[in-house]
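Note sheet for the following structure.
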Amino acid sequence: MSTSLSGCLHPSAIPAEALDKVNGGYLGVLTVVTLLALGGAARVAALQEATTASVWDGVYSEEQAKRGETAYRQSCVNCHGPELEGGDMTPPLTGGVFTSNWNDLTLGDLFERIRATMPLDKPGTLSRQQNADLVAFLLKANQWPVGTTELSRELGALKQIRIQSSKPDRKP
């Protein structure tokens, strides 16, 4: 039997006689396709829940946050302020406004925003490592726990880490 890229059974792989036995004809096809789609969606949701980390999981190191602070003081402080408080035209990078703006997005989204638009006067001039270090500094400044490994500078890995303003309840 053939499967789609998502791992679901492809409807064309179901023998016609089997479809005729499920409510018959066209309605049977719709029923099978719907069930397959729902099963695939449930598997995808379960996979995302199982593999997505959170900023609460200690996803950056202390050393990386220190490098990020140095990069912040060199490239960001003029607009975002010495305490990351923001200014007239720039948002704060700590506190409730920051966490609510980024809640349920990923570190990949934050990394890409920094990479593509910052610093405002020279966007795209920071290295991928500097961008990752800046994200680590922002995590520390927002009091998310430090870990033992460095935050990746690869977008795919960063897309797996969800920003959550409140610590999630962990199921045993």
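The values are calculated or read from the model by the stated rules, or taken from the named source; none is laboratory data. Just so it is clear, the model here is predicted, and its values are computed rather than measured. Don't worry about glycine lacking a Cβ; one is built from the backbone with ideal geometry, like all the others, and counts go over all protein chains shown.
Pull up segment 84-113, narrow it to residues that are closer than 21 Å to residue 56 by Cα and aliphatic (A, V, I, L, M), then point me to the one that is farthest from the chain's Cα centre (by Cα).
Residue satisfying both the conditions and the ranking: 84.
Condition first: hydroxyl-bearing (Ser, Thr, Tyr) and surrounded by 13 or more Cβ atoms within 10 Å (Cβ to Cβ). Can you find one or more residues in segment 76-96 that meet it? Steps first, answer last, please.
Taking segment 76-96 as the starting set, the residues that turn out to be hydroxyl-bearing (Ser, Thr, Tyr) are 90, 94.
From what's left, surrounded by 13 or more Cβ atoms within 10 Å (Cβ to Cβ): 90, 94.
Within segment 76-96 (the criterion being hydroxyl-bearing (Ser, Thr, Tyr) and surrounded by 13 or more Cβ atoms within 10 Å (Cβ to Cβ)), the answer is yes, since at least one residue qualifies.
If a residue must be crowded, with 17+ Cβ neighbours inside 10 Å and either at pLDDT below 95 or in a helix (DSSP H, G or I) (or both), how many such residues does segment 116-154 contain?
Within segment 116-154, residues that are crowded, with 17+ Cβ neighbours inside 10 Å and either at pLDDT below 95 or in a helix (DSSP H, G or I) (or both) number 12.
When you go through (1) under 23 Å from residue 155 (Cβ atoms); (2) at pLDDT 95 or above; (3) in a loop (DSSP other than H, G, I, E, B) one by one for residue 86, which number turns out not to apply?
For residue 86, the exception is condition (1).
For segment 156-168, indicate whether the set of residues that are more than 17 Å from the chain's Cα centre (by Cα) and exposed (fewer than 13 other Cβ atoms within 10 Å of the Cβ) is non-empty. Talk me through it step by step, then tell me what you get.
Filtering segment 156-168 for residues more than 17 Å from the chain's Cα centre (by Cα) gives none.
Within segment 156-168, not a single residue is more than 17 Å from the chain's Cα centre (by Cα) and exposed (fewer than 13 other Cβ atoms within 10 Å of the Cβ).
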